[in-house]
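Here the structure is laid out as structure tokens; the discussion comes afterwards.
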Amino acid sequence: MSKSILSGVRILDLTNVLAGPFATLHLALLGAEVIKIENPKDGDLARKLGIVPGLNEQLMGTSFLAQNANKKSMTLNTKTLEGKEIFKKLVKTADVLVENFRPDVMDRLGLGYQVLSEINPRLVYCAISGFGQTGPDAFKPAYDQIIQGLSGVMAINGDERLNPLRAGFPVCDTVGGLNAAFAIMAALYHRERTGEGQFIDIAMLDSIMPLMGWVAANLLIGSQQPVLMGNDNFTAAPSGTFQTKDGYINIAANKQEQWESLCDVLGIPELKTDPRFEKRDIRKKNRKLLTPLVEAKLAERTTTEWVERLNDQDVPSGAILGLGEALEQPQVKHRGILKEVEAPGLGTLKLFGLSALFEKTPGALTEPPPRLSAHTASVLASLGIGPEEQAVLKSKKVI
């Protein structure tokens, strides 16, 4: 296999739970050495989060397993004098540091960016938080659902019966993590050209709002407030979720030719010239009249039959799968983003690998998520701290 893109890059990962670990996971999959620095008592909170109590008790909860493959785990109490000194030694060897504490935590520890950048001017320091390092809300606590509410995301989901409505997974955390990974890669590219490290300030609130793109643009530029439409697509009609003989189907007839082909496939060609539906913008205004006419024809066949017939005529359509079905569908298996890795004591784990498929430098999932402190001894040894000194540090609860 070709050399990994981030081979030789050392990342100190002080993050917990999701946004930070999701960022460093992607860097680890690209070949970086990610050293997860955890508190000696019980480590990352995610180690206790999951639906399998037995795994939580082992500090290997499903939440932790999902985000921490390919990483090393060392424990270090950075509140102690010895812990601070070891941490500074690590910083000298590092390329990147990622943390997701509140804005003042690292400074209060005496380990903020100004201190660490003097130790290592090439250091890329990425701080991830709910609201960013500055501003009136900077010091407020933030979880994914709080950010979903404050960003407007919950306000635009659902319909008149169910609103506000959160996304069914922690979208703000994960997008914040992706934004951080993107920013770190950009900063490393800048460093390659200039030799300069820098500070990166990532806010979950900042990260999620641009994802609303044209929904926000409609308001900012067109003064159009979002309309609660449930599973309908506000940009076109018929475009959304419709009932079939045995369930539901997604149809996105967004172009005029797709609308006309849909009418032909369903056997209702007369609607193509019906003045209520003939033109795109008129169809959108009359979608409540159109949907029952479309569903009356869809009720004659199963979802599978309609998906095949519509896609054959270039009308985008698809079934609505449960999560289990989605993970097992042939296209997902073909792309190979779900990987298997053996984890001692846990058996075979199915985890997501890198979803960007590089031709020359593919990412790889090579190691299971680490047990707490599994790499403390080896990392300390690489700093010249031998077994006897490690034993003393352990007795003082530094590690």
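The values are calculated or read from the model by the stated rules, or taken from the named source; none is laboratory data. The model shown is predicted, which means the values in this text are computed figures rather than measured ones. Note that we place each Cβ from the backbone using ideal geometry, even for glycine, and neighbour counts take in every protein chain shown.
Can you go through V96, V124, V153, V115 and tell me which one is within 30 Å of N218 (Cβ to Cβ) and of a type in the set (V, I, T)? Working first, answer last.
Values: V96 fails: within 30 Å of N218 (Cβ to Cβ); V124 fails: within 30 Å of N218 (Cβ to Cβ); V115 fails: within 30 Å of N218 (Cβ to Cβ).
None of the other options fit; the residue is V153.
On the basis of being touching an Asp or Glu at 6+ places or on another chain (Cβ under 9 Å) and part of a helix (DSSP H, G or I), does L393 make the cut?
When the stated conditions are applied, L393 passes them.
Just give me the residues in the stretch 124-136 being surrounded by fewer than 22 Cβ atoms within 10 Å (Cβ to Cβ) and either of a type in the set (K, R) or in contact with a Phe, Trp or Tyr (Cβ under 9 Å, 6 or more places away or on another chain) (or both), in sequence order.
Result: Q133, single match.
Tell me which residues, restricted to the stretch 137-148, are surrounded by 18 or more Cβ atoms within 10 Å (Cβ to Cβ), assigned to a helix (DSSP H, G or I) and of a type in the set (A, V, I, L, M, F, W, C).
Scanning the stretch 137-148 gives a single hit, I147.
Does the stretch 184-195 contain at least one residue that is touching a residue at least 60 places away in the same chain (Cβ under 8 Å) and surrounded by fewer than 14 Cβ atoms within 10 Å (Cβ to Cβ)?
Checked the stretch 184-195: at least one residue is touching a residue at least 60 places away in the same chain (Cβ under 8 Å) and surrounded by fewer than 14 Cβ atoms within 10 Å (Cβ to Cβ).
Would you confirm whether any residue within the stretch 375-392 is among the acidic types (D, E) and either outside the structural domain of E38 (by TED's automatic domain parsing) or under 31 Å from the mean Cα position of the chain (by Cα) (or both)? Outline the logic, then answer.
In the first step, residues of the stretch 375-392 are kept if they are among the acidic types (D, E); the result is 388-389.
So of that shortlist, the ones also either outside the structural domain of E38 (by TED's automatic domain parsing) or under 31 Å from the mean Cα position of the chain (by Cα) (or both) come out as none.
Among the residues of the stretch 375-392, not one is among the acidic types (D, E) and either outside the structural domain of E38 (by TED's automatic domain parsing) or under 31 Å from the mean Cα position of the chain (by Cα) (or both), which makes the answer no.
Mind checking which pairs have a first residue in the stretch 335-346 that is at pLDDT 95 or above and a second that is part of a strand (DSSP E or B) and of a type in the set (F, W, Y), Cβ under 7 Å, 6 or more apart or different chains?
Qualifying pairs under 7 Å: L338/F352.
What about G54, is it assigned by TED's automatic domain parsing to the domain that holds A203 and surrounded by 17 or more Cβ atoms within 10 Å (Cβ to Cβ)?
Here the answer is no, as G54 does not meet what is asked.
Give the residue that is farthest from I337 (Cα to Cα), with candidates limited to residues of the stretch 357-388 that are surrounded by 14 or more Cβ atoms within 10 Å (Cβ to Cβ) and among the charged types (D, E, K, R).
R371
For residues that are over 24 Å from P121 (Cα atoms) and assigned to a helix (DSSP H, G or I), tally how many sit in the stretch 181-225.
17
V332 versus (1) over 19 Å from Y248 (Cα atoms); (2) surrounded by 15 or more Cβ atoms within 10 Å (Cβ to Cβ); (3) among the hydrophobic types (A, V, I, L, M, F, W, C): which is the lone unmet condition?
V332 satisfies every listed condition except (2).
Just the residues that are of a type outside the set (D, E, K, R), outside any helix (DSSP H, G or I) and in contact with a helix residue (DSSP H, G or I) (Cβ under 8 Å, 6 or more places away or on another chain), please, taken from the stretch 149-176. Outline the logic, then answer.
As a first pass, look at the stretch 149-176 and keep what is of a type outside the set (D, E, K, R): 149-158, 162-165, 167-172, 174-176.
Then drop every residue that is not outside any helix (DSSP H, G or I), which leaves 152, 157-158, 162-165, 167-170.
Matches in the stretch 149-176: G152, N163, P164, L165, A167, P170.
Taking the condition within 30 Å of K3 (Cβ to Cβ), without any contact (Cβ under 8 Å) to a residue 24 or more places away in the chain and not in a loop (DSSP other than H, G, I, E, B), does V332 pass?
Here the answer is yes, as V332 does meet what is asked.
What are the residue pairs meeting all of these: first residue in the stretch 94-110, first residue farther than 18 Å from A19 by Cα, second residue surrounded by 23 or more Cβ atoms within 10 Å (Cβ to Cβ) and charged (D, E, K, R), Cβ atoms under 7 Å, and 6 or more apart or on different chains?
The qualifying pairs do not exist here.
Can you find, within the stretch 248-289, the residue that is surrounded by the most Cβ atoms within 10 Å (Cβ to Cβ) among those that are among the small types (G, A, S) and under 23 Å from L228 (Cα atoms)?
A253
Is the stretch 114-133 home to any residue that is assigned to a loop (DSSP other than H, G, I, E, B) and at pLDDT below 95?
No; the residues of the stretch 114-133 include none that is assigned to a loop (DSSP other than H, G, I, E, B) and at pLDDT below 95.
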